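Read the structure below first, then the notes.
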Amino acid sequence: MDFSLGEELEALRDLAHEIFTDHATPERLREVETSATRVDDKLWNDLAGTGLLAAPLPEETGGAGLGLAALCVILEQQGRSVAPVPVWPAVLAALALAAHGSAPQRAALLPSAADGTARFTLALEEFGPAGPREPRTGATPDGPAWRISGTKAVVPAPAGAGRVLVTAATGTGTGLFLVRSDAPGVSWTSAETTSHDLSAHLTLDGAPAEAVGAPGSGAVEWITERAGAALAALQLGVAQGALRHAAEHLGAREQFGRPLATFQAVRHQLADCLIDIEAMRVTLWQAVTALEDGEDTERAALVAKWWADEGGLDVVHRVQHVHGGIGVDTDYPVHRHFLWGRQIATTLGGASADLSRLGEVLARGTVAS
């Protein structure tokens, strides 16, 4: 299987790398972490101005039509720099609208998503064991529209997001719904996360909503699988950025007159990191290929998500360890990769939840065959 990116995606990767590297300096990251929103709005505007936010979206909405692969390329570069902008929830929500929204929804919302003037976020998680596919939040018909009630947990980067895509159960299956962030019946409770993102819990009390696709038609499964791939891409970048910090630190620091990087035990640790990163890369692009081809999508997405959760967390732990006491110093950049790695590894359920779901998928396939 050939996972080479091709000219368009390579150019996209190089541009994203340049922008994130130039903007996400340690000084800028510290500044954003103490801001009211925890979002780097200047960087967001630059991503929009260079067309990176539009690249995954369909051409008829002002995008480049490069799809999920483009989003994952951008997210990998973001993860390397741990840049505080809500790319994965905002662009993935726009892709869901492009794939499942009505013609009026697409016409009204996607051009402003492509140019960065409007931002979305995703409300996929809840408190307790319920996953995106089995939400306790419920939606009931209200004429041609819907009313939603329930609580969604840890909604990423709600600041600046005008609309939220919410998963909710209905009498005809689980559906995806579009809710204005300031609509009647909507309330927010701030929730600071491990990665310093200022997320929020979303409470809905009969809030008005529009369906994105018909409930039970597969929109929830579509966005859940792609959310797993998006998080895997972000975690791949986080792990690569962490390993880069480790290599620079160990090459420059000496013990007993030798660089720490020459000690066998340290080299074994870094080799294990590299193996995990390569496994994360392969399973990510297997998932992207499967999702774009529409074949074995759930299994491939879960495998990529499990490697991102398990392998990514292993990498940031090892990197933290080889840095010694410096690694826990919040003035030293590597601690951000550790925090991001831990946060991503628990988003949409951790490695154990991924394995449980994967077991169900494999068992179902065995019975069917």
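Given segment 269-369, what helices (runs of 4 or more DSSP H) lie entirely inside it while holding 2 or more residues that are over 24 Å from Pro84 (Cβ atoms)?
297-322, 351-368
So is Gly359 at pLDDT 90 or above and surrounded by 23 or more Cβ atoms within 10 Å (Cβ to Cβ) or not?
No.
Within segment 319-331, identify whether any single residue is surrounded by fewer than 19 Cβ atoms within 10 Å (Cβ to Cβ) and either under 19 Å from the mean Cα position of the chain (by Cα) or among the charged types (D, E, K, R) (or both), and answer yes or no.
Looking for residues that are surrounded by fewer than 19 Cβ atoms within 10 Å (Cβ to Cβ) and either under 19 Å from the mean Cα position of the chain (by Cα) or among the charged types (D, E, K, R) (or both), one finds at least one in segment 319-331, hence yes.
Mind checking whether some residue in segment 42-58 is under 17 Å from Gln235 (Cβ atoms) and either touching a residue at least 24 places away in the same chain (Cβ under 8 Å) or part of a helix (DSSP H, G or I) (or both)?
So the first thing to find is which residues in segment 42-58 are under 17 Å from Gln235 (Cβ atoms), and the list is none.
No.
Considering Glu134, Glu125, Glu76, which residue is in a loop (DSSP other than H, G, I, E, B) and surrounded by 21 or more Cβ atoms within 10 Å (Cβ to Cβ)?
Glu125
Could you grab me the full set of residues in segment 142-201 that are within 27 Å of His337 (Cβ to Cβ), among the hydroxyl-bearing types (Ser, Thr, Tyr) and assigned to a strand (DSSP E or B)?
Hits for segment 142-201 are Ser190, Ser199.
I need the full set of residues from segment 37-66 which are under 22 Å from Gly101 (Cα atoms), under 20 Å from the mean Cα position of the chain (by Cα) and surrounded by fewer than 17 Cβ atoms within 10 Å (Cβ to Cβ), in order please.
Gly65
Could you tell me whether Val303 is under 19 Å from the mean Cα position of the chain (by Cα), within 28 Å of Gly6 (Cβ to Cβ) and either free of Cβ contacts under 8 Å to residues at least 60 places away in the same chain or surrounded by fewer than 20 Cβ atoms within 10 Å (Cβ to Cβ) (or both)?
yes
Go through (1) part of a strand (DSSP E or B); (2) of a type outside the set (Ser, Thr, Tyr); (3) over 19 Å from Thr170 (Cα atoms) one by one and return the number of the condition Ala94 breaks.
(1)
Give me the pairs, please: first residue somewhere in segment 112-123 and within 13 Å of Arg180 (Cβ to Cβ), second residue anywhere and crowded, with 19+ Cβ neighbours inside 10 Å and of a type in the set (Val, Ile, Thr), beta-carbon distance under 6 Å, and either six or more positions apart or on two chains.
Going by the 6 Å Cβ cut-off, the qualifying pairs are Thr121/Val155; Thr121/Val164; Ala123/Val155; Ala123/Val164; Ala123/Val166.
Check Arg180, Arg163 and return the single one that is more than 26 Å from Leu358 (Cα to Cα), crowded, with 20+ Cβ neighbours inside 10 Å and among the basic types (Lys, Arg).
On the way: Arg180 fails: crowded, with 20+ Cβ neighbours inside 10 Å.
None of the others qualify; the one that does is Arg163.
Residues are listed down the side, and each one gets a yes or a no for (1) within 17 Å of Phe127 (Cα to Cα); (2) in contact with an Asp or Glu (Cβ under 9 Å, 6 or more places away or on another chain):
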| residue | (1), (2) |
| --- | --- |
| Asp142 | no, no |
| Ala169 | yes, yes |
| Leu176 | no, no |
| Arg180 | no, no |
| Pro184 | no, yes |
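Which residues, counting only those in segment 332-356, are among the polar types (S, T, N, Q) and surrounded by fewer than 18 Cβ atoms within 10 Å (Cβ to Cβ)? Walk me through it before giving the result.
Of all residues in segment 332-356, those among the polar types (S, T, N, Q) come to 343, 346-347, 352, 356.
The answer is Thr346, Ser352, Ser356.
Since Ala83 meets every condition but one in (1) assigned to a loop (DSSP other than H, G, I, E, B); (2) touching a residue at least 60 places away in the same chain (Cβ under 8 Å); (3) farther than 26 Å from Thr193 by Cβ, which condition does it not meet?
All conditions are met except number (3).
Regarding segment 341-351, can at least one residue be identified that is farther than 20 Å from Pro132 by Cβ, modelled with pLDDT of 95 or more and not basic (Lys, Arg)?
Yes, segment 341-351 contains at least one residue that is farther than 20 Å from Pro132 by Cβ, modelled with pLDDT of 95 or more and not basic (Lys, Arg).
So in segment 272-300, with the set limited to residues that are among the β-branched types (Val, Ile, Thr) and under 16 Å from Leu75 (Cα atoms), which one is surrounded by the fewest Cβ atoms within 10 Å (Cβ to Cβ)?
So the residue we want is Val282.
The values are calculated or read from the model by the stated rules, or taken from the named source; none is laboratory data. A quick note: this is a predicted structure, and the numbers were derived from the prediction, not measured. Neighbour counts run over all protein chains shown; Cβ positions are idealised from the backbone, glycine included.
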